[in-house]
Ligand SMILES: *Cc1c(COP(=O)(O)O)cnc(C)c1O
């Protein structure tokens, strides 16, 4: 394999382990998978297929296009939920494709009720329990519950809400949202007892069984993002980003490095230039902040450019120095995704979803792959 650009190694065995862990942590609840945004940049094709093999049958995407993509990939699509619901006019397309919109506003619910012939479609109702982003209000819910047969004919299979602060387990809003959602579920069950309920994202799974209801919806944790303290050290790294060395260079005292001279050598130094920059998703705010890995940790020096960046290898023994084409890891097997996201002042979600098209994606399973590039 030619490493003429950065390499993304995606460990599908690690993805399987993370899904199994979340499933085990979810107890009696079902465990779905959120695969929106190209499976958080990891690649929805292989991710959805791999999780399907593990037994996952509930997939969440953001929009209709993503849903069609997932549907085409799977031998039997199971349940594909569209988190942003159904745009006006697409109601019958959802029905034809057997996709499940998460209806997020009163007008969207009304349109669904008006357009979908009885018994044809399936839908989820999202209720706002305190995040105040998407979802109908409790008052709107009560209004719809005055005509439960209408909801039944419209194929209501689940009510859903979303936690705003699950990554901060001590935050008071977690319990508040739980208690509001419990009310929602109990009101719905009074007239529609078969309707299921779903509240927890990845971090919500770790809040405890009360938050699980019938189906949990982890996303980031599947891909190795340790989004809550209780997951730290428990997930397998799925994505490893490595950048090939283009050039070794000596710096003498006083020489600067790259755009803007933001780094100046105060001693004689050895550095390596690698292929991979902000066009590949290595955020420019990591300039002078990130670390790489080659036999040990290497500070990133100077500005991240569009196509390249630079690491200090001065503290490696001469016999340990990388050569042209050797790979410097930016995160993955040795360096945590969350640590680099933190250094960039962001979260693992943003880092993963910004990984560029130019990176070569290489998918592997641990057992069946004797030739994983290092
Ligand atoms: C993205 C999303 C999730 C997954 O969240 P993670 O924090 O990645 O586990 C779950 N539910 C909804 C509604 C979402 O938008």
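In region 205-235, the qualifying residues are those that are in contact with a strand residue (DSSP E or B) (Cβ under 7 Å, 6 or more places away or on another chain) and more than 30 Å from residue 153 (Cβ to Cβ), and the one that is farthest from the ligand (Cβ to nearest atom) is 224. Of all residues in region 65-90, those satisfying the criterion of being surrounded by fewer than 20 Cβ atoms within 10 Å (Cβ to Cβ) and within 22 Å of residue 103 (Cα to Cα) are 65, 68, 69, 71, 77, 78, 79, 84, 87, 88, 89, 90.
Of the helices (runs of 4 or more DSSP H) lying entirely inside region 1-100, those containing at least 1 residues that are within 16 Å of the ligand (Cβ to nearest atom) and under 25 Å from residue 362 (Cα atoms) span 12-25, 36-40, 44-54, 64-73.
Condition check: within 12 Å of the ligand (Cβ to nearest atom) and more than 18 Å from the chain's Cα centre (by Cα). Does residue 194 satisfy that? Here the answer is no, as residue 194 does not meet what is asked.
Listed conditions (1) surrounded by fewer than 20 Cβ atoms within 10 Å (Cβ to Cβ); (2) over 24 Å from residue 7 (Cβ atoms) are all met by residue 45, apart from (2). Residue count for region 236-249, restricted to those that are surrounded by 24 or more Cβ atoms within 10 Å (Cβ to Cβ) and either within 15 Å of the ligand (Cβ to nearest atom) or more than 17 Å from the chain's Cα centre (by Cα) (or both): 4. Are any residues in region 106-145 in a loop (DSSP other than H, G, I, E, B), crowded, with 16+ Cβ neighbours inside 10 Å and within 16 Å of the ligand (Cβ to nearest atom), and if so, which ones? The answer is 128, 129, 130, 134, 135.
Residues considered: 236, 221, 197. Of these, the only one that is part of a strand (DSSP E or B) and either within 24 Å of residue 357 (Cα to Cα) or at pLDDT 95 or above (or both) is 197.
The values are calculated or read from the model by the stated rules, or taken from the named source; none is laboratory data. Quick caveat, the model's predicted, so the values are computed rather than measured. Using ideal geometry, Cβ is built from the backbone for each residue, glycine included, and neighbour counts are taken over all protein chains shown.
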